[in-house]
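Asker: Before we start, here is the structure in question, set down as structure tokens.
The values are calculated or read from the model by the stated rules, or taken from the named source; none is laboratory data. Predicted model, so just to flag it, every value in this text is computed and none were measured. With ideal geometry, Cβ positions are generated from the backbone for all residues, glycine too; neighbour counts draw on all protein chains shown. Surface areas here come from the heavy atoms of the whole protein model, side chains and all, with no ligands, DNA or RNA. Shrake-Rupley method; radii C 1.70, N 1.55, O 1.52, S 1.80 Å.
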Amino acid sequence: MKKILSLLVLVSLFITSCSDLQEYELPYDLSPTTGVTLSTNVTAANAVCPAPTATITVDSESTVYYVVQPAADDALTSDDVFDDGKEVNFTTAGSEEVDLTGLALGGSYTIYAVTVNVDGTRSEAVTTTSFTMPTFSEVVDPTFGQDYTGTVYYGTSPFEQFDVTLSNDGSYAFSAVSLWGDAIAGLTGNAAYAGMFQYPGVITLDDDFSLTVNSESGYALGGAGEYDSCTGTFTYELSTSLFDDPDTEEVESLEVTVELVPAE
């Protein structure tokens with residue numbers, strides 16, 4: 001019985017002592033984390049050139065770490081962003097703009113950001129914003145013209161200029177009655193070839209901005225190149241068998257480079 005009474009007394013003392021615990025204050029203030037906000041400027045006009053941008057804004061001196069990844073990927077923690085993120089340093093409260101490069105047209109992305117303040121305190125909460133890149137058609141369609149000025153190069157030397165109209169056949173296929181003008185007259189130095197061997201064909205543009213050239217003319221072996229949506233310029237190499245030596249077993253081709261710039 002005495003043991004039971006002693007135990008009850010001890011429990012009562014413990015409960016009383018817990019309720020009477022003093023409140024203590026830390027001898028220092030915990031460092032508040034730096035606040036950060038994110039905004040993006042992503043349009044068809046800047047999707048390829050110069051580049052979409054994100055604006056990072058902080059409310060105090062700090063370093064921001066940020067990661068851009070596909071929106072469908074697993075969400076990142078503060079540790080993930082700190083370990084793998086790019087750094088932006090702020091000497092005071094303010095905003096900095098960063099380029100968002102290497103992103104696929106039509107893709108959806110999320111930006112993750114954390115801050116580390118001047119006391120070394122990192123934010124555990126991750127700030128995010130999401131955006132979607134413009135599609136290929138939204139980027140390139142406004143840059144297409146109909147009338148172009150073509151320049152033909154042999155090596156690095158231009159030797160022929162011509163005017164050409166590209167007819168959009170749909171699915172980013174552009175046909176023309178001449179894809180290199182009087183290149184043969186220029187290559188041979190013989191004006192009698194003017195108007196001959198005009199290299200009619202079709203330029204087909206792919207969604208990676210590369211292009212291929214095909215022609216039904218026997219001497220026109222086709223070619224490849226790329227489209228610059230920043231300037232609206234088509235650049236491609238064309239091959240021809242017109243200078244082939246008939247005594248050889250294999251077809252010998254000659255290549256020239258053509259650049260089509262939108263006519264002013």
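Asker: Quote to one decimal, in nm, the extra length available between THR248 and SER157 on full extension: 0.36 nm per residue of separation minus the C-alpha distance between them.
Answerer: On the way: separation 91, 0.36 × 91 = 32.76 nm, distance 2.84 nm.
Full extension of this stretch gives 29.9 nm more.
Asker: Let me ask something else. Between ALA104 and ASN41, what is the spin-label point distance in nm, taking each point 7 Å from the Cα along the Cα→C-beta axis?
Answerer: Taking the simple label geometry, ALA104 and ASN41 are separated by 2.7 nm.
Asker: Related question: Computed from the coordinates I sent, Cα extents along the principal axes in Å equals one of [x] 48, 47, 32; [y] 52, 46, 34; [z] 127, 43, 32. Tell me the label.
Answerer: [z]
Asker: Angle between the Cα long axis of helix 2-19 and the longest principal axis of the chain, 0 to 90 degrees, nearest 10?
Answerer: Orientation of helix 2-19: about 50 degrees from the principal axis.
Asker: Could you work out what % of the accessible surface of the chain is carbon and sulfur, using a 1.4 angstrom probe and leaving DNA, RNA and ligands out of the count? Could you put the intermediate results ahead of the total?
Answerer: Numbers: 7840 of 15510 Å².
Roughly 51 percent, rounded to a whole number.
Asker: May I pose another question? What distance in nm lies between label points placed 7 Å from Cα along the C-beta direction at GLU138 and ASN190?
Answerer: 5.4
Asker: In square angstrom, what is the accessible area per residue of the stretch 115-264 with a 1.4 angstrom probe?
Answerer: Details: 7880 Å² over 150 residues.
Per residue, the stretch 115-264 has an accessible area of 53 Å².
Asker: So what's the gap between the Cα centers of the stretch 149-205 and the stretch 216-264, to the nearest angstrom?
Answerer: 8
Asker: With N set to the residue count of the stretch 156-206, report its C-alpha Rg divided by 2.2 N^0.38 Å to two decimal places. Mind dumping the intermediate values first?
Answerer: Values: Rg = 12.7 Å, N = 51, 2.2 N^0.38 = 9.8 Å.
Normalised by 2.2 N^0.38 Å, the Cα Rg of the stretch 156-206 equals 1.29.
Asker: Shifting gears a bit: Apply the a/c threshold of 1.5 to the C-alpha gyration tensor of the stretch 39-90 and tell me whether it is rounded, prolate or oblate. Walk me through the intermediate numbers first.
Answerer: On the way: a/c = 2.51, a/b = 1.29, b/c = 1.94.
Oblate shape, in that a/c is at least 1.5 and b/c is the bigger or equal ratio.
Asker: Go ahead and estimate [θ] at 222 nm for the chain from helices alone: -39,500 (n - 2.57) per DSSP H run with n ≥ 4, summed, over the residue count, rounded to 500.
Answerer: Details: 4 runs with 36 residues, N = 264.
After summing the helix terms and dividing by residue count, I get -4000 deg cm²/dmol.
Asker: Which FRET efficiency value, to the nearest 0.05, do you get for ASN89 and SER171 by plugging their Cβ-Cβ distance into 1/(1 + (r/R0)^6) with R0 = 45 Å?
Answerer: FRET efficiency, ASN89 to SER171: 0.40.
Asker: Once both labels are modelled 7 Å past Cα along the beta-carbon direction, what's the THR128-ASP147 spacing in nm?
Answerer: 5.2
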